[in-house]
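Any read-out appearing in this document is the output of simple, stated calculations on the displayed coordinates, not a laboratory observation. Please read all numbers here as calculations on a predicted model, not as lab measurements. Don't worry about glycine lacking a Cβ; one is built from the backbone with ideal geometry, like all the others, and counts go over all protein chains shown.
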Amino acid sequence: MNRSDGRTGGRAGRWSAVFAALLSASPAVHLSAQVPDTTSAPPPLVTTGAVVVAIDTVHRVRPMGAFLRSLLVPGWGQAVTGRRVSGMLFAAWEGVSAMMTLKAKSELRYLQETGSSLAVAKRQEVQDWTVLWVFNHLFSGAEAFVSAHLQDFPKDLKIRAFPGGVGISLPVPHP
């Protein structure tokens, strides 16, 4: 945005560059041609007494780790817990609220320089977008924390309404 004195808004450009750099720091995505050959033997299982535990359960993200990741970059904690769509939604809303906050701040500066009476309303808009930006960080962290706790929750659990009340069904594997 060009100002009345001919300078361009450099602060918004720097923040958008920092934001773009943070969003580009993501784990590597493997394409189907890059995935190792899994047609050979299945991965070995680790046995502990009578309980058989798959190796991939060792690498689950801890709830506090997911919380801190999403607090730093909203959507990151969701992505590492396997909830990529919700992670993308948090990241998209982060971008919208961040850019709208910066845009409103730039407009507020312009209105203050020109002595406009609309500066009071614009200041309120800046505060509103800032609150939404902060709320997105906190809510993303809380949602990632809960998602990390529920990683091992059975996905086949169903709650159904019956004529006599509510029922829960959970498939039990047969030996």
Practice item. Identify the trypsin sites (Lys or Arg not before Pro) of region 64-172 meeting these criteria: DSSP loop state and at most 14 other C-beta atoms within 10 Å of the C-beta. Key: LYS155
Point to revise | Net charge dipole size for region 64-159 [Lys, Arg +1 and Asp, Glu -1 on Cβ; Debye, nearest 20] | key: 100
